Amino acid sequence: MNDRNPAVITTVPAAAVIEEIRDEIEDVRTYYFRFEDPELERTFAVRSGQFVMCTVFGSGEFAVSLPWSPEADRRHLSVRSVGKVTGALAGLVVGDKIGIRGPFGNGFPFEDIKGKSIIYVAGGIGLIPLRSSIVHVLRHRAEFGRLILLYGARAPKDLMYRETIEGWRGTAGFETYVTIDRPEPGWTGETGFVHTLIEKAKVPVENTVAFVCGPPIMFNAVIQELSGRGLRDDCIISTLERHMKCGLGKCQHCAIGRTLVCTDGPVYTYKQIKTLGEQI
Amino acid sequence: MYILPKSDLPMLLRTLADRYELFGPIVDPVSGETLFDRAASPEDLRLDAPIPVNTPKFTVFPHLERILSFRYDRDSKDLDIVRDDLVRPKALVGVRSCDLNGLLCFDRFFLGQEYVDEVYRDHRRKMLIVTNTCVRPFVQCFCVCTDSGPYAAEGYDVNLTDLGSAYLFETGSEKGAALAVELGLAAAGPADAAARDAAVNHSIGLFDGQAVENKAWISRAVNRLTTGFVKPETWEYIGRQCFECGACSFVCPSCSCFNIEDVATQAGPTDRLRTWDSCSFEGYARMAGEHNPRRPVEDRRNKRFFCKLSYSQSKKYLRPGCVGCGRCARVCPGDIGLPNVVTAIRRETTGSKP
Ligand SMILES: Cc1cc2nc3c(=O)[nH]c(=O)nc-3n(C[C@H](O)[C@H](O)[C@H](O)COP(=O)(O)OP(=O)(O)OC[C@H]3O[C@@H](n4cnc5c(N)ncnc54)[C@H](O)[C@@H]3O)c2cc1C
Ligand code: SF4
Ligand code: SF4
Ligand code: SF4
Ligand code: FES
């Protein structure tokens, strides 16, 4: 039916059990889960950059990125509690069940970027969708050129996946830069907005792609900086967010320009984004 | 091709009513309006009534529909996800070709593309459609301009054409053919086919007098929209006219947007409901954090006309999403039904005054 995903859970969510919950930063928790059906647990295959719809029984459903890497990584979701459904999720405990539909969306175009250098630029919880891709790329380190992560958050307490990032810092061939907006007592790392790291890291533009994910204001500053250095619009890759209901390309809530984020996206190149004719 | 004497119409309707829920045009005794609705009895259906004010799309896409329900006990962790089969077989009788084309747009959209909409598919599979050729257009109609009438070309099980004392009974599927045999209808001859062609041509001729020039402009409006040539001022004008009431979407046979909400019931389970929605509503694209990427009303209004005349249908299926029923023009309080929008686009290029 769908050549990108051999098995997609479309209408009826599959039951999954929460196995562990970790506090990440204020209001953001990571939920490790396993499908109740062992067969599904064994076969549920995703691509990095895709998303699922997560049901909190009794409250509703929301779209959420897949931070885990397609290969041998524990299944988990990292969710910021902002409203009705994500708020209800925050009230669940280990052993509770959630529902999962998916995986949906196009995913990152890894086939097209082999041999290139990759710059990851993330702001705040924008690191969630990029995490999967970073883990994937590090597993296939030899297939890429320079690998650089530029990550920024408002304050140290807003940095996602701190342990994971510490692990990445020690990984040979992976250049990691982390910044916070303003100096703060006890913080010895970089300060300033994340786009200022582009200069510090001396990011290449030749044979390079950038994955950019974060709030619109950060996105615009980063794009300006990267484009100013000559990085082509089709080499800048991002994921867009839209209000989603069905995930299947039917409800139309996620329409942007002539595309639907749930089926044509959520991964777009900046070149495509420019032609959508809508705010991001 | 068969002949159904008009005196045998009740027999057809009763046969259908025995095995399907029967839907068709019904004249409301209080308002005098024609509604497409469930018939309490086959005699209520009126094939000679004017075009119904509502579209038959609710038979495949109900205004409000339970698509799932959940029972989850937080204490015991017992979970039950129920997908009830609430879909009953329906026969739609007296569907006009514009509305049939609306359903065909739905088929392409809900059954085609990357994923199949399973709920829609269930409705559609258990359905029988009897169309009714429009031998006389109504004032609001412009189906000839959108290539969707007045005679249904495909997609029906049975098509009826009023030839005076009898209907020409054409079958478009195995279900329709079986029905003709079961009813013991007499075969029609070449003279009957010629009478149908004459009736259809006469009907098309009547459009000349009423489908005024702007309606013929649809293909050029499609062209200008698709190539991005509609001026921002035109969109702003259209946006200013819009009351954001959603009526246009709700009466439109090809509007399919929906919302999904999980609602807890008194009895305990949570129902997952899907309801009609419209791109004209301000909250339609609003995301968490109050970020609304499509805030100005003109952005939402042009979404409608891009949807109808450019990308959603035209680009993918090479036909407009508008099927020329004129209902949006009838209900729009802001006077920006589709024909008027086409007129606005025409005026901006020809410089003509209202
Ligand atoms: C493809 C995709 C991937 C996503 N991935 C993730 C992910 O990995 N992790 C994640 O956490 N989210 C992710 N989201 C966003 C997530 O889907 C929304 O946060 C979620 O739908 C909110 O649902 P809700 O019912 O809890 O909020 P709702 O109740 O629908 O609305 C939230 C309401 O709370 C208020 N509110 C919301 N956000 C804020 C805020 N930041 N500050 C103040 N008030 C606020 C507003 O009044 C808003 O209307 C993703 C979205 C998409 C489309
Ligand atoms: S856009 Fe208007 S005229 Fe066209 S099909 Fe919809 S309701 Fe009918
Ligand atoms: S986007 Fe608007 S015009 Fe298109 S189907 Fe939905 S409500 Fe109708
Ligand atoms: S019917 Fe008219 S006023 Fe109402 S939403 Fe549609 S275009 Fe706007
Ligand atoms: S979420 Fe329904 S169309 Fe994209």
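The values are calculated or read from the model by the stated rules, or taken from the named source; none is laboratory data. Quantities reported herein were computed from a predicted structural model and do not represent experimental measurements. We place every Cβ from the backbone using ideal geometry, glycine too, and count neighbours over all the protein chains shown.
Facing another protein chain (nearest Cβ under 10 Å) and among the charged types (D, E, K, R): does that describe A:Arg101? Before the answer, list the steps.
Numbers: facing another protein chain (nearest Cβ under 10 Å): no; among the charged types (D, E, K, R): yes.
No; evaluated as a whole, the condition is false for this residue.
Scan the stretch B:325-341 for residues that are of a type in the set (D, E, K, R) and within 15 Å of ligand 3 (Cβ to nearest atom) and report the count. Reasoning before the result, please.
Filtering the stretch B:325-341 down to residues of a type in the set (D, E, K, R) leaves B:327, B:330, B:335.
Restricting the remaining residues to those that are within 15 Å of ligand 3 (Cβ to nearest atom) gives B:327.
The qualifying residues number 1.
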Some residue of the stretch A:105-113 being in contact (Cβ under 8 Å) with a residue 60 or more places away in the chain, away from chain B (no Cβ under 14 Å) and surrounded by 20 or more Cβ atoms within 10 Å (Cβ to Cβ): yes
Collect the residues in the stretch A:247-273 that are at the interface with another protein chain (Cβ under 9 Å from one of its Cβ atoms), in contact with an Asp or Glu (Cβ under 8 Å, 6 or more places away or on another chain), within 12 Å of ligand 1 (Cβ to nearest atom) and modelled with pLDDT of 90 or more, keeping them in residue-number order. A:His253, A:Thr263
Filter result for B:Asp107 (in contact with a helix residue (DSSP H, G or I) (Cβ under 8 Å, 6 or more places away or on another chain) and either assigned to a strand (DSSP E or B) or within 14 Å of chain A (Cβ to nearest Cβ) (or both)): yes
Residues of the stretch A:103-121 that turn out to be touching a helix residue (DSSP H, G or I) at 6+ places or on another chain (Cβ under 6 Å) and in a loop (DSSP other than H, G, I, E, B), as a count: 2
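Collect the residues in the stretch B:240-253 that are within 24 Å of the chain's Cα centre (by Cα) and either more than 12 Å from every other protein chain (Cβ to nearest Cβ) or at pLDDT below 95 (or both), keeping them in residue-number order.
B:Cys242, B:Phe243, B:Glu244, B:Cys245, B:Gly246, B:Ala247, B:Cys248, B:Phe250, B:Val251, B:Cys252, B:Pro253
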Has the stretch A:70-83 got any residue that is within 16 Å of ligand 5 (Cβ to nearest atom) and modelled with pLDDT of 95 or more? no
The residue from A:Ile134, A:Ile125, A:Ile119 that alone is within 16 Å of A:Val194 (Cβ to Cβ), within 16 Å of ligand 1 (Cβ to nearest atom) and away from chain B (no Cβ under 14 Å) is A:Ile134
How many of the residues making up the stretch A:163-198 are in contact (Cβ under 8 Å) with a residue 12 or more places away in the chain and not in a strand (DSSP E or B)? 18
Condition first: within 16 Å of A:Val137 (Cβ to Cβ), of a type outside the set (Ser, Thr, Tyr) and either surrounded by 13 or more Cβ atoms within 10 Å (Cβ to Cβ) or under 18 Å from the mean Cα position of the chain (by Cα) (or both). Now tell me which residues in the stretch A:170-195 satisfy that. A:Phe174, A:Glu175
Identify, by number, the condition in (1) buried (at least 19 other Cβ atoms within 10 Å of the Cβ); (2) under 19 Å from B:Leu4 (Cα atoms) that B:Trp217 doesn't meet. (2)
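Could you tell me which of the residues A:Leu231, A:Leu276 is more than 16 Å from ligand 2 (Cβ to nearest atom) and crowded, with 20+ Cβ neighbours inside 10 Å?
Working: A:Leu276 fails: crowded, with 20+ Cβ neighbours inside 10 Å.
From the options A:Leu231, A:Leu276, the qualifying one is A:Leu231.
If I filter the stretch A:58-86 down to residues being outside any strand (DSSP E or B) and without any contact (Cβ under 8 Å) to a residue 24 or more places away in the chain, which single residue comes out as nearest to A:Glu241 (Cα to Cα)?
Here the residue is A:Gly83.
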Count of residues meeting criterion [more than 16 Å from ligand 4 (Cβ to nearest atom) and farther than 30 Å from A:Leu260 by Cα] in the stretch B:105-141: 13
I'm trying to understand the selection: among the residues of the stretch B:1-42, which are loosely packed, with under 15 Cβ neighbours inside 10 Å and part of a loop (DSSP other than H, G, I, E, B)? B:Asp28, B:Pro29, B:Val30, B:Ser31, B:Gly32, B:Glu33, B:Ala40, B:Ser41
Please verify whether the stretch A:7-16 includes one or more residues that are part of a loop (DSSP other than H, G, I, E, B), within 16 Å of ligand 5 (Cβ to nearest atom) and not polar (S, T, N, Q). yes
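May I ask you to verify whether B:Asp262 is within 14 Å of chain A (Cβ to nearest Cβ) and either crowded, with 19+ Cβ neighbours inside 10 Å or of a type outside the set (A, V, I, L, M, F, W, C) (or both)?
Here the answer is yes, as B:Asp262 does meet what is asked.
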Meets criteria (touching a residue at least 40 places away in the same chain (Cβ under 8 Å), within 14 Å of another protein chain (Cβ to nearest Cβ) and surrounded by fewer than 16 Cβ atoms within 10 Å (Cβ to Cβ)) for B:Gly228: no
Test: B:Asp299 is within 16 Å of ligand 4 (Cβ to nearest atom), of a type in the set (Asp, Glu), buried (at least 20 other Cβ atoms within 10 Å of the Cβ) and within 14 Å of chain A (Cβ to nearest Cβ): no
Scan the stretch B:263-303 for residues that are touching a residue at least 60 places away in the same chain (Cβ under 8 Å) and in contact with a helix residue (DSSP H, G or I) (Cβ under 8 Å, 6 or more places away or on another chain) and jot them down. B:Arg274, B:Trp276, B:Glu298, B:Asp299, B:Arg300, B:Arg301, B:Asn302
Check on B:Phe70, within 23 Å of B:Glu154 (Cβ to Cβ), within 14 Å of chain A (Cβ to nearest Cβ) and modelled with pLDDT of 95 or more: no
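Give the stretch A:136-155 a look and list any residue that's part of a helix (DSSP H, G or I) and within 20 Å of the chain's Cα centre (by Cα), or say none.
Listed by number, the residues that qualify are A:His136, A:Val137, A:Leu138, A:Arg139, A:Arg141.
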Which of the following residues is more than 14 Å from every other protein chain (Cβ to nearest Cβ) and of a type in the set (D, E, K, R): A:Arg242, A:Arg229? A:Arg229
Hits in the stretch B:81-104 - residues which are aliphatic (A, V, I, L, M), within 13 Å of another protein chain (Cβ to nearest Cβ) and touching a residue at least 24 places away in the same chain (Cβ under 8 Å): B:Val82
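For residues that are of a type in the set (Asp, Glu) and touching a Gly at 6+ places or on another chain (Cβ under 6 Å), tally how many sit in the stretch A:164-187. Don't jump to the end; show me each part of the working.
First, pick out the residues of the stretch A:164-187 that are of a type in the set (Asp, Glu): A:166, A:175, A:181, A:184.
From what is left, the residues that are touching a Gly at 6+ places or on another chain (Cβ under 6 Å) are none.
Number of matching residues: 0.
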